[in-house]
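Before any comments, here is the structure.
Read the figures in this text as sums done on the coordinates, not as results from a lab. In this text, all values refer to a predicted model and were calculated from it rather than measured experimentally. Backbone-built Cβ (ideal geometry, glycine too); neighbour counts: all protein chains shown.
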Amino acid sequence: MQERTPILLLEDDMLLQQSLANFLRQQGFAVHCAANLAEARQLLRQHPPRLLISDVSLPDGESIDLLNDVEAELGTILISVHDADQDRIRGLSAGADDYVCKPVNFDELLLRVNGLLRRMPEPEPDGIHFLGFELDVETRVLSKAGEQVNLGEQEMNLLLRLLANQGQLVPRDRLEHCVYGNVCDDAWKRRRAMDVLISRLRRKLTIDGVTDNRIVAYRGQGYMLVRD
C-alpha cells in the first residue's frame, strides 16, 4: 500500500485553507486541516503528519506555541503576513524549518515543501498510520494515542487485508479465505463468523468512544475500510 505524505495545514482563513489544501492534494499529498491550535493538537494525535504548514497568528494563540509540542522529526513551515527580519528570526529560532510570507505563492510553497522533505530523514517503515491508529506491522501491535488496542489473530488478519486495500471493496470470499482458510467448509457458518468478526473489529476501531462506519458493508459483495 503506497502512502501519500501526510501534511497538517493550520490556517484560520478558510478561503486560503481550502484553496491551499486542494492545491496540495492535487500534488499528491494527504492533507488534514485545522483552524486553531486546539484542532491542530487533536489532529497531531489522531493523524500524525510528516509536515506542518501553519499560519503564525491564530484565534487561540500563535503556532509558535505549538512547536514545543511537536516531534523533532516533524518538518514545519510557518506562513505569516509579517515579513520583518525579526519575525522570521523569531519563527526560525522557535524551531520552524522555513518561513513564508503572505500572500502565499503556491508554486513557491510547493518548492519549499519538496525541498524540506528531501532534507528530512526517511521515517521508519514499520508503522502504518490510519484513521487515528498506528499499526506496527513487524510486531502486529495496534495502538491508539499511545495505548495498545488488543486484537485477536483473526481480527488482525482481517485488518491487515482491509488495510492492504484501504478505500477499495474487498470481496467477502477473499476476506473469509484470508481469515479462516479451509478450516470451515460450512458456508453459512463462515458467513456468520465473518459478520461477528467484522462487528468486533468495528467496535475496536473507535475514537473517543464513537463508533462510526469505518468499515463499510456492501450487501452481497464485501467490505471496505474507508480512507482517512
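Over all alpha-carbon pairs in segment 6-119, figure out the percentage whose distance exceeds 24 Å. For segment 6-119, the fraction of Cα-Cα distances above 24 Å is 14 percent. Under the criterion of Cα pairs below 8 Å and six or more residues apart, the relative contact order for segment 127-225 equals 26 percent. Stretched out straight at 0.36 nm per residue, the stretch from Ala164 to Ala217 would grow longer than its current Cα-Cα span by 17.4 nm. Look at the dipole of the chain built from charges on Cβ: of Asn157, Gln26, Ala187, the Cα furthest out on the positive end belongs to Ala187. With the gyration tensor restricted to C-alpha atoms of segment 58-175, the semi-axes of the equivalent ellipsoid amount to 39, 17, 13 Å, longest first. Counting other Cβ atoms within 10 Å, which GluC sites (Glu not before Pro) in segment 48-97 have at most 15 and lie in a DSSP loop? Answer in residue order: Glu71, Glu73.
Excluding same-chain neighbours fewer than eight residues apart, the lysines reachable from Lys144 by a Cα-Cα span under 27 Å are Lys204.
Divided by 2.2 N^0.38 Å, where N counts the residues, the Cα radius of gyration of the chain comes to 1.20. With the convex hull constructed from alpha-carbon coordinates only, segment 143-204 shows a mean projected area of 4.5 nm² over all directions. For segment 41-88, the Stokes-Einstein estimate of translational diffusion at 20 °C and a viscosity of 1.002 mPa s comes to 183 µm²/s, using the Kirkwood hydrodynamic radius over alpha-carbon pairs.
Couplings 3J(HN,Hα) for segment 106-120, derived from phi with the Karplus relation 6.51 cos²θ - 1.76 cosθ + 1.60 (θ = phi - 60°), are 4, 5, 5, 4, 4, 4, 5, 4, 5, x, 5, 4, 5, 7, 7 Hz, where x marks Gly and Pro. Here the Karplus curve 6.51 cos²θ - 1.76 cosθ + 1.60, taken at θ = phi - 60°, turns the phi angles of segment 8-13 into couplings of 9, 9, 10, 8, 8, 7 Hz, with x standing for Gly and Pro. Comparing Asn105, Tyr223, Ile89 along the charge dipole axis of the chain, the residue lying farthest to the positive side is Tyr223, per the Cβ-charge model.
Place +1 on the Cβ of every Lys and Arg and -1 on the Cβ of every Asp and Glu in the chain, take the dipole about the Cα centre, and give the residue among Leu169, Val70, Ala145 whose Cα lies farthest towards its positive end. The Cα lying farthest towards the positive end belongs to Leu169.
Converting phi to 3J(HN,Hα) with the Karplus coefficients 6.51, -1.76 and 1.60 and the offset θ = phi - 60°, segment 78-84 yields 9, 10, 7, 7, 8, 10, 5 Hz in sequence order, with x at every glycine or proline.
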